[in-house]
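What follows is a single structure, written as structure tokens, with notes after it.
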Amino acid sequence: MNALDLAKQLQAKFGDVLSEPAEFRGEITIQLANAERIAEVCEFAKKELGFDYLVDISSLDNYGEDPRWTVVYHLRCLANGCELRLKTGVSEEKSELPTVIGVWRTANWHEREIYDMMGIRFRGHPDLRRILMWEGYPYFPLRKDFPLAGKPTVVPEVAFTKTAPLEGGPFVTAPGGKDAIEREPRVRTPEK
């Protein structure tokens, strides 16, 4: 059975909320119209169709359009090598989706990264906190309305008080050092 056949089975089960499978360059994509049913669709894809591996969850900012974001789930069946892309839209007003951690535990970090970078919340996530940016950071840096030069912070002792430069910034690890802890960017203090 190939990915298109599996996608058609998924579409037959959830035909009221799933689009017809679309194929482009050998990759199959299905669009989910009702984001609230993402966990249900993913559970069926895993348990009934064998998509036992969540490769990735990513997000796109469609700034100026509605829905504002597209969340993309990349699924893989390890037994036969089939892959499926499942997309759903998230509006700016709601900016929330149900978590799929109950289906794949690996969704934990993917959902945290999307929350941290885009601000999309995952309802039911057991530990939804920032994973790349520091706690208290008030912005979501992968949104298209975030300036490329960064934003200055007014929160003392959290980060820089001026716009952070890209080179040597807070996310650049230091070369060398006896262990990973010494190379960790958060243990360094910014130069004055």
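Within the group Asp66, Asp16, which residue is farther than 23 Å from Lys144 by Cα, out of contact with any helix residue (DSSP H, G or I) (no Cβ under 7 Å at 6 or more places or on another chain) and surrounded by fewer than 19 Cβ atoms within 10 Å (Cβ to Cβ)? Give the steps one after another, and end with the answer.
On the way: Asp66 fails: farther than 23 Å from Lys144 by Cα.
Testing whether each residue is farther than 23 Å from Lys144 by Cα, out of contact with any helix residue (DSSP H, G or I) (no Cβ under 7 Å at 6 or more places or on another chain) and surrounded by fewer than 19 Cβ atoms within 10 Å (Cβ to Cβ) leaves just Asp16.
Output the number of the condition that Lys144 fails; it satisfies all remaining conditions of (1) crowded, with 16+ Cβ neighbours inside 10 Å; (2) part of a loop (DSSP other than H, G, I, E, B); (3) modelled with pLDDT of 90 or more. Among (1) crowded, with 16+ Cβ neighbours inside 10 Å; (2) part of a loop (DSSP other than H, G, I, E, B); (3) modelled with pLDDT of 90 or more, the lone unmet condition for Lys144 is (1).
The number of residues in region 26-73 that are under 23 Å from Gly102 (Cα atoms) and of a type in the set (Asp, Glu) comes to 6.
Under the condition of being within 20 Å of Leu32 (Cβ to Cβ), among the hydrophobic types (A, V, I, L, M, F, W, C) and not in a strand (DSSP E or B), the residues counted in region 88-131 number 8.
Results for (1) at pLDDT below 95; (2) over 15 Å from the mean Cα position of the chain (by Cα); (3) small (Gly, Ala, Ser); (4) closer than 24 Å to Asp16 by Cα, shown as yes or no for each residue.
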| site | (1), (2), (3), (4) |
| --- | --- |
| Val55 | no, no, no, no |
| Ser59 | no, no, yes, yes |
| Asn62 | no, no, no, no |
| Arg68 | no, no, no, yes |
| Val71 | no, no, no, yes |
| Leu75 | no, no, no, yes |
| Asn80 | yes, yes, no, no |
| Arg85 | no, no, no, yes |
| Glu92 | yes, yes, no, yes |
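Hey, any hits in region 55-69 for a residue that's touching a residue at least 60 places away in the same chain (Cβ under 8 Å), of a type in the set (Phe, Trp, Tyr) and in a loop (DSSP other than H, G, I, E, B)? Yes, region 55-69 has at least one match.
Which residues, counting only those in region 56-115, are among the aliphatic types (A, V, I, L, M) and within 18 Å of Arg129 (Cα to Cα)? Hits for region 56-115 are Ile57, Leu97, Val100, Ile101, Ala107, Ile114.
Here is a check on your reading of the model: is Asp5 assigned to a helix (DSSP H, G or I), of a type in the set (Asp, Glu), surrounded by fewer than 14 Cβ atoms within 10 Å (Cβ to Cβ) and at pLDDT below 95?
Against the criterion (assigned to a helix (DSSP H, G or I), of a type in the set (Asp, Glu), surrounded by fewer than 14 Cβ atoms within 10 Å (Cβ to Cβ) and at pLDDT below 95), Asp5 qualifies.
The values are calculated or read from the model by the stated rules, or taken from the named source; none is laboratory data. A quick note: this is a predicted structure, and the numbers were derived from the prediction, not measured. Heads up, the Cβs are rebuilt from the backbone with ideal geometry, glycines too, and the neighbour counts pull from every protein chain shown.
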